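The values are calculated or read from the model by the stated rules, or taken from the named source; none is laboratory data. Treat the numbers as computed from the prediction; the structure is a model and nothing was measured. Positions of Cβ are backbone-derived with ideal geometry, glycine not excepted, and every protein chain shown enters the neighbour counts.
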Amino acid sequence: MVRKLLTFLSWAATCGAAALGVTHALLADSLISPWSLAALSIALVGICAGQCIYRHSDLTLLIALAGISSVTGALLLEHKTGTLFEFSQHSALLPEGLLLALQFILIAGLISLVRQRLGTQARSVVIDGLIVGLGAWVLVWVLLVRPTLSNGSQSNTLTILTSCTLGVATIVLFLLATVLFSDSTPTPAVGLLGLSTFFLLVGTIARSVVARGDVNISIAVVHAPFIFAIALVGAAFLHPSMNTIMSQSHVRYSPPLMTRLVTTTTSLIAPVIVLAITDPTSTQDRIVRTISVVVLAIAVMIRVIQSVRQNAKTQDHFIRNALTDSLTGLPNRVLMLDHISEALTTARYTSHQPTVLFIDIDRFKTINDRLGHSTGDDVLTTIAQRLQKIISGRAIVGRISGDEFVVLDPDTETPTQSVSLAERVLDAFRDPLGRETKDMFVTASIGVAYAPNGIRLSAENLMRHADTAMYKAKDAGRNCIALFDDSMLDAVTRRLDVETALYRALERKELHLEYQPIVDIDLGLVVGFEALMRWNRGVHGIVAPADFIPIAEETGTIVPLGTWALRDALSQLRSWIDTNACQPHTTMSVNVSARQIHDPQFVAVVSEALEVSGIPAEQLWIEVTESVMIIETAHALSALRRLNSLGVRISIDDFGTGYSSLSLLQKFPVQCIKIDRSFVQNIATDDSTHSIVRTIIAMATSIGADIVAEGVEDISQLETLRHLECHKAQGYLISRPIKVADIPSVVRQLEDPQLWRDRMSGH
C-alpha cells in the first residue's frame, strides 16, 4: 500500500512539475513566482521524504543536491538583474563559476552512477555516448560558443566560463546517452532523473542562445526548463525505484539497438553537415573544429573496432553453444560427429581402427523423477568429469543427449583394445559418486564399435553401430558391455521395419484376432475365450506376437491396437451368443498392457465397448501381467478399481513369473489368477513345480479368486491340475487358438460329452 502511494505521489509530482513549468513560462514576469517556489518545494520535500524512507547513499543525495544547486545557481544568475546578461560582467563571474563547478560535481556523480548501475555493460555503450557528446559539442561550438565569442557582448573571462559550461553540458549529455543506450532495464527513477538532466541542458542552451544577442527569448521561457528540472528531482526521489538506482540493473530483453543506431548516426551526420556549410571564422575556430573532428573520428574508429570484436566474440559464443553441451561443456553430437569423421579420415593412412563407445546411464530417469533434476545434473557433471579423467591420449568425451555420452579413441588398433577401453570406462562407474548427503551408485550400459581397416564408414554409421550395441547391452541386463557385429544391425533393421509397418497395420486390415477356448475341465464346457492378436503382413509373412507386441507397447501403438482388439472381441462374443455358438454366460478375456492402463481414456473405452456390444460387464475379463501391479502402482490401482466398479473382472496373467505377493494381491481387485505355462509344463514330473502350483492355488483360494491353468498340453498335466482343484484350463490339449469362422464347430466338439471323455482318456 505504501509503495503504491509513493508511486502515485511521484507521478503526481511529475505532472505538477510540467504544469508549473508551463504556467511559469506563460504568466511569470520574474524568477520569484508562486510556480517557481512550488517547484523548489516539490524538490526539497521529495528529497527529504525519499531520504528518510529509502536512506539513499550519500553519493545519490550528492547528485541530487548538485543538480538542484546547479539549476538554482543558473536561476540566481538570471534573477540578479531581472534580464539576461544585463548586469555587471564582473559580478556575473562568481555565479557562472559556481554553476560550472557544481556541474562538474554533477558529472562526477553521474559517472559513478553509470559505473555502478551498468557494471560491465558501461564499456559497450560509453563510446556511443561519447560520440553523441562530441557531436553535440561540435554543434554547440559552431552555433553557440563561437558566435558568443565573436559578438563581444561579454567579457573574455565570462565568455570562457559560458563556453566551458556549454562544454560540460555536452559531457552531461554524453553520460545521459550512456545510460539511455545501455541494455539495462530502465526504471522510473532513472527516467525522471534523466528527464531532469535533459531539461537542465535545454535551459543551459536557451541561456546561451540568448547570449548570442540575435535571438530574443523572455526570461520566463528560459526559466521554465530549470523549474521543470528542479521539480522532477523531487518526483524521482519519491518513486520506490529510487531505492535501487545505484544497483546494477537487469538486462532487458529488447535492447534499444535501433534507437542507439539512429542517435549515433545523427550525431555523426549533423556535425558533418554543419561543418560543411559553415566556414571557419578564425584560427581559433579552425583549431577547435579540427581537434573536435579528430577526436570524433577516433571515437568512431574505436567504436568500429569494438563492434567488430564484440561481433567476433558473440559469434564465437554462438558457435561454442552450438557445438558444446551447456551443462558439462563437453562436445555435443554435432561436434563429436566432426571428431569421428576426422579420425576416420586420418585412420585410412594408418593402422588405427578408431573406437566409439556409446554410454547410457541405467535408469537415469528414476534419479530425475525421485531426486530432482538438480541432482540429475550433478550426477551428469560428475560422470563427465570422471570420464575425462580415465581417458588418455587423443581420446575425446562428448555428451550427445540427456544421459548419453560418447567416447572416441582414434588410436585403437584392435578390437581387444576397444573392449579394454570400454572396461576401463565401466570400472569408473563402480565407485560411488560421493554426494553431500550420501553415496550414490550408478551403472551404465556401453556399446562398442570400431572401424575395421579397409571398410569405409561414415561418422554417423559408426556412432549408430555403437548405439545399436548399447541397446544390446541393455537387453542383456544393463551394467555391461556389448561389441557391435552385423547381426545387431540386421536386428535393428528388422525392428525398424516392424515398427514402421505397425503404424499402418490397422489401416491396412492386416491384424486379426484368434480365440483360444477356456474350458471347465470337470464339466467339459467352454466357459470363455482368450482373444489373441495376430498380424499377417501379406507378402512379408506372419509376424509373431513376441516380435510386435513389445514394440507396440514401447512406441505406444498398443493403445489404438488394444482399443480395436477390445471392441472386436466383444463384438464377436455378442455374435456367438446371438447365434447360439456358445453359452450366454461365456466370458471374453482381453490382454491389456501397462501402457493402456496408464491411458486416462482407457476406462471410458472399456465402458463404451461394453455398451456398444451389449455384453454384460461381468463377462469381460481384463488380463494384466504382474508387472502392471509393480510399476505405476497407484495409477494401475485406480484404473483397475474403476473397471471393477463397472462390473469388469480382473485377471492376473502369467502368474508366478513376476514379483507378486499375497499382500499385493489383496490390495488389487483381482478375481482370477492364471498359472503360467512354465509351471504347468513340469507339474506332473517335478515335485518342486508341483509344490509351487499348489501354493499358487492356495493363495488364489485365500483371496476368493478363480484359477485358470495355461499351456496344458497332455493328459497328465490336466489330471494333476484336477487333483489340485484347478477347475479351468486352456492349452493345445484342449484347443489351439482358432479363427472366428471355426469357433462354432470347435465349441460343439469340445462340449460333446463322448468326444470330451475320449480326449480326457487319451484317445
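Residues of the range 1-56 that are more than 12 Å from F237 (Cβ to Cβ), modelled with pLDDT under 80 and among the aromatic types (F, W, Y): W35 alone. Among the residues of the range 669-696 satisfying the criterion of being part of a loop (DSSP other than H, G, I, E, B) and among the polar types (S, T, N, Q), which is surrounded by the fewest Cβ atoms within 10 Å (Cβ to Cβ)? The selected residue is T685. Selection of the range 487-544 for residues being among the acidic types (D, E) and within 29 Å of T468 (Cβ to Cβ) yields D490, D497, E499, E510. In the range 715-753, the residue that is modelled with the lowest pLDDT out of those that are under 15 Å from F529 (Cβ atoms) and among the charged types (D, E, K, R) is E751. Number of residues in the range 546-581 that are hydroxyl-bearing (S, T, Y) and closer than 19 Å to V624 by Cα equals 3. The single condition among (1) in contact with a Leu (Cβ under 9 Å, 6 or more places away or on another chain); (2) crowded, with 20+ Cβ neighbours inside 10 Å that M699 does not meet is (2). Being aliphatic (A, V, I, L, M) and either assigned by TED's automatic domain parsing to the domain that holds R430 or under 20 Å from M463 (Cβ atoms) (or both) is a property that V379 has. Go through the residues of the range 359-376 one by one and say whether even a single one is modelled with pLDDT of 85 or more and within 17 Å of A459 (Cα to Cα). Checked against the condition, which is being modelled with pLDDT of 85 or more and within 17 Å of A459 (Cα to Cα), the range 359-376 yields at least one hit. Residues considered: G538, G524. Of these, the only one that is touching a residue at least 60 places away in the same chain (Cβ under 8 Å) and not assigned by TED's automatic domain parsing to the domain that holds T355 is G524.
Give me the residue from the range 713-737 that is within 16 Å of I692 (Cβ to Cβ) and outside any helix (DSSP H, G or I) and, out of that set, nearest to the chain's Cα centre (by Cα).
Residues of the range 713-737 that are within 16 Å of I692 (Cβ to Cβ), as a first pass: 717, 720-721, 723-726.
Imposing the further condition that a residue be outside any helix (DSSP H, G or I) reduces the set to 724-726.
On the way: L724: 59, E725: 59, C726: 56 Å.
Selected residue: C726.
Restricted to the range 349-455, the set of helices (runs of 4 or more DSSP H) holding at least 3 residues that are surrounded by 12 or more Cβ atoms within 10 Å (Cβ to Cβ) and β-branched (V, I, T) comprises 373-390.
Sort through I518, I549 and tell me the only one that's touching a residue at least 60 places away in the same chain (Cβ under 8 Å) and either surrounded by fewer than 19 Cβ atoms within 10 Å (Cβ to Cβ) or in contact with a strand residue (DSSP E or B) (Cβ under 6 Å, 6 or more places away or on another chain) (or both).
On the way: I549 fails: touching a residue at least 60 places away in the same chain (Cβ under 8 Å).
Selected residue: I518, the only one of I518, I549 that is touching a residue at least 60 places away in the same chain (Cβ under 8 Å) and either surrounded by fewer than 19 Cβ atoms within 10 Å (Cβ to Cβ) or in contact with a strand residue (DSSP E or B) (Cβ under 6 Å, 6 or more places away or on another chain) (or both).
A Cβ distance below 6 Å, combined with a sequence gap of six or more or placement on separate chains, defines the contacts here; from the range 382-403, residues that are closer than 18 Å to S445 by Cα and in contact (Cβ under 8 Å) with a residue 12 or more places away in the chain reach residues that are buried (at least 19 other Cβ atoms within 10 Å of the Cβ) and polar (S, T, N, Q) in the pairs A384/T328; R399/T328. Listed by first and then second residue, the pairs with beta-carbon distance under 7 Å, at least 6 apart or on different chains, first residue in the range 720-741 and assigned by TED's automatic domain parsing to the domain that holds F655, second crowded, with 21+ Cβ neighbours inside 10 Å and hydroxyl-bearing (S, T, Y), are P737/Y515; I738/Y515. Only one of I340, I319 is under 30 Å from D377 (Cβ atoms) and either basic (K, R) or buried (at least 16 other Cβ atoms within 10 Å of the Cβ) (or both). Can you tell me which? After applying the criteria, what remains is I340.
The residues of the range 368-381 that are out of contact with any Ser or Thr (no Cβ under 7 Å at 6 or more places or on another chain), in contact (Cβ under 8 Å) with a residue 24 or more places away in the chain and among the aliphatic types (A, V, I, L, M) amount to a single one, V379.
The rows are residues; the columns are (1) of a type in the set (A, V, I, L, M, F, W, C); (2) under 21 Å from S351 (Cα atoms).
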position	(1), (2)
I396	yes, yes
L408	yes, yes
T414	no, yes
A422	yes, yes
V425	yes, no
R456	no, yes
A459	yes, yes
L462	yes, yes
D467	no, no
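Identify, please: which residue in the range 521-546 is of a type in the set (A, V, I, L, M) and at pLDDT 90 or above and is, among those, surrounded by the most Cβ atoms within 10 Å (Cβ to Cβ)? Filtering the range 521-546 for residues that are of a type in the set (A, V, I, L, M) and at pLDDT 90 or above, the one surrounded by the most Cβ atoms within 10 Å (Cβ to Cβ) comes out as V526. Evaluating L561 against the criteria (1) closer than 28 Å to T720 by Cβ; (2) assigned by TED's automatic domain parsing to the domain that holds S745 leaves one unmet condition, (1).
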